[in-house]
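Q: Before we start, here is the structure in question, set down as structure tokens.
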Amino acid sequence: VPTRELAAQVGEAMVGFGKYLPQRVKVAVVFGGVSINPQMMNLRGGADVLVATPGRLLDLIDHNAVSLAAVSMLVLDEADKLLDMGFGDELGRILSLLPAQRQNLFFSATFPPAIEALAASMLRDPLRVDIQAEPLGKRDIAQRAIEVDASRRTQLLRHLVQTEKWSRVLVFVATKHAAEIVADKLRKCHIEAEPFHGELSQGKRNQVLQDFKAKTVQVVVATDVAARGIDITQLPVVLNYDLPRSAVDYTHRIGRTGRAGESGLAISFVSAGTLAHFRLIEKRQGIVVPREQVAGFEPVGVLLSNPADPHATGGVKGERPSKKDKLRAAAAAARDADTDADTDGP
């Protein structure tokens, strides 16, 4: 599996399944970010099921704590994400250590060319099972797109958390630095917020998730490390502070809410600079999310278009700003950004 949190979640599921088997099944879960010694001790005597992230599995092999010689089944979970996160070399080494005779199983939300090539190199006459995801439009997830200047997103986020009285919200940002900055700004406004990204220690990541589930943390500001394998029951709101890179990532992000029959809310901040990308996400998802604005946070500069207008070009016909208007707006935005850097926005 690609992430530590997903490894832990899969391990818990396997232990649950094992309760119904006639014989006890030993499940071992290993991942990086924590001491390797307890994991080595736990592997003494072997294991029936080993759930691992690629890097830590190779570490254990190098320490002679694990042998793959007797593996009869290999499962690659979130195979597309494993390659997206740069685990191709690690997977190649792991595959070279496995017995030639084994069963391979791929689980992947998407099958891009890299995954197709990997499957073709590993599989022989495979059976392909496609389980169609339920369209987002049919799930009980209300989707909103709020127009706001990039420099005022943190202020608007704070405003929404306070005025809409969200008990918990998972906020997605593009970088680890943004996660730290946005969480820090919210804490300064007396909102319980924590960052969540790959550079945090595993202990800290576990604590953040535990506090979020216990509702002692109101806002978690996360990178896409939280887009898969994080299961928070009754999470009411997911917010895209930064838009995801792809429509698939959009699906995984907003899929953290509205789970197990619950209703949910997914909000995306859209600025003039990200409008075209959001339209592309809408097109690939087969949805149209009406734009809205929040009083006091209306965007300045270029007017955003109606998403329902197929001829929209980014402005409003007859009302597009002149070159001077654009220059004035850019100067105003720059001033706002300078001010926001000292107050409420990164």
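Quick note: the coordinates plus some simple rules give every number you see, no bench work behind them. What you see is a predicted model, and the numbers here were worked out from it, not measured in a lab. So basically every Cβ, Gly included, is an ideal-geometry build from the backbone, and we count neighbours across all protein chains shown.
Q: Using a 10 Å cut-off around each Cβ, can you sort T233, T53, T223 from fewest to most neighbouring Cβ atoms?
A: T233, T223, T53
Q: So if we plug the beta-carbon distance of K204 and S35 into 1/(1 + (r/R0)^6) with R0 = 22 Å, what FRET efficiency do we get, rounded to 0.05? Walk me through the numbers before you get to the answer.
A: Details: r = 15 Å, r/R0 = 0.66.
About 0.90, to the nearest 0.05.
Q: Residue separation times 0.36 nm, minus the C-alpha to C-alpha distance between L91 and A109: what's the value?
A: Details: separation 18, 0.36 × 18 = 6.48 nm, distance 1.84 nm.
This chain segment gains 4.6 nm when fully extended.
Q: In which sequence would Y20, Y250 go, from the one with the fewest C-beta neighbours within 10 Å to the one with the most?
A: Values: Y20 6, Y250 25.
Neighbour counts put them in this order, fewest first: Y20, Y250.
Q: Moving to a separate point now. Which trypsin sites (Lys or Arg not before Pro) from segment 165-207 combine a DSSP loop assignment with at most 16 other Cβ atoms within 10 Å? Intermediate results must be reported in sequence, preceding the final value.
A: Numbers: sites: K165, R168, K176, K185, R187, K188, K204, R205; in loops: K165, R168.
Listed in order of number, the matching sites are K165.
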